[in-house]
Amino acid sequence: MASNRIDDTGVILRDARTRYTTDQREENDARGAFDAELRRSGRSPRTEVVVSRAAAPADVAELLDVDGDVVVRAREMFDGDRVIQLVTTYVPVDVAEAAGIEQADTGVGGIISRMKEAGYDQGDTATEDIELRTATSEESNRLGLPEGAEVLTINHIGVTADGRVVEITQHVLGKGWKLRYAAPLA
C-alpha cells in the first residue's frame, strides 16, 4: 500500500521503505517517486530540471569511483508554486548514456527505471544518509527559509548487485517533511 503522501496541512510523508519501488515510482505514469507522491495526494507536482556534464564534488566522485565529468541533474521540486526540495543527482557518464537520462523528462518511473532497463538495476535496497545542517544562503533563498535555518539533507546512494555505485542523489528538504524508515530488529 502506498504510504508516501502529503496531508491537508502540507506535511510531506516520505516513506523510504516503499518510495522507490517500481510500482510506486511508475504509478499512474508518474515520472518518479516525487511525482507519484504528490499526485497520490491530489497535489500539483512540478519539477524544473537542468541537465549538464560537470565534475562531481570530491566526496561524490569518490563514491562513484570516477575521474572527470559526470552527468548532473539539478532539480527544483515544487508542490504547486512552493519549492519543497532541491535535488542534485550525479551519474557516471557511461551509465547516463546507456540509460538515456540526459534529457529533462526521463519518462515513466524516472532515472531509476531507465537505469534498470539499461542493465544498471539498483536492486531492492538503497542507502540514505540523513544530516541536519544550516542551509546555505542560496538554499534558504530558493526554499523560502530565513537565513540560518536548518535543513534536512538526504544523500541517496544507488548501488547495483555487483557493487557499482551508479547514482548519488542529494536532497535538500525545506520545512514540512516527515521521514519514515524501517530498521531491522533481527
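The values are calculated or read from the model by the stated rules, or taken from the named source; none is laboratory data. Source: prediction; values computed, not measured. Here the Cβ positions follow ideal geometry from the backbone for every residue, glycine too, while neighbour counts run over all protein chains shown. The area values use the complete protein model at the heavy-atom level, side chains included, leaving out ligands, DNA and RNA. Shrake-Rupley method; radii C 1.70, N 1.55, O 1.52, S 1.80 Å.
Below are the figures for this structure:
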read-out: Condition met for VAL60 (of a type in the set (Val, Ile, Thr) and within 17 Å of the chain's Cα centre (by Cα)); value: yes
read-out: Test: residue in the range 72-87 that is over 28 Å from LYS175 (Cβ atoms) and touching a helix residue (DSSP H, G or I) at 6+ places or on another chain (Cβ under 7 Å); value: no
read-out: Meets criteria (on the phi < 0 side of the Ramachandran plot, open to solvent by 50 Å² or more (accessible area, probe 1.4 Å) and touching a residue at least 12 places away in the same chain (Cβ under 8 Å)) for GLU167; value: no
read-out: Hits in the range 162-186 (condition: over 13 Å from LEU86 (Cα atoms), at pLDDT 85 or above and of a type in the set (A, V, I, L, M)); value: VAL165, VAL166, ILE168
read-out: Set ILE130, ILE154, ILE111: member being in a helix (DSSP H, G or I), closer than 24 Å to LEU63 by Cα and modelled with pLDDT under 95; value: ILE111
read-out: Subset of the range 133-156 that is hydrophobic (A, V, I, L, M, F, W, C) and under 20 Å from ARG75 (Cα atoms) - its residue that is surrounded by the fewest Cβ atoms within 10 Å (Cβ to Cβ); value: LEU145
read-out: Residue check, ILE84 at pLDDT below 95, assigned to a strand (DSSP E or B), open to solvent by less than 20 Å² (accessible area, probe 1.4 Å) and under 27 Å from ASP67 (Cβ atoms); value: no
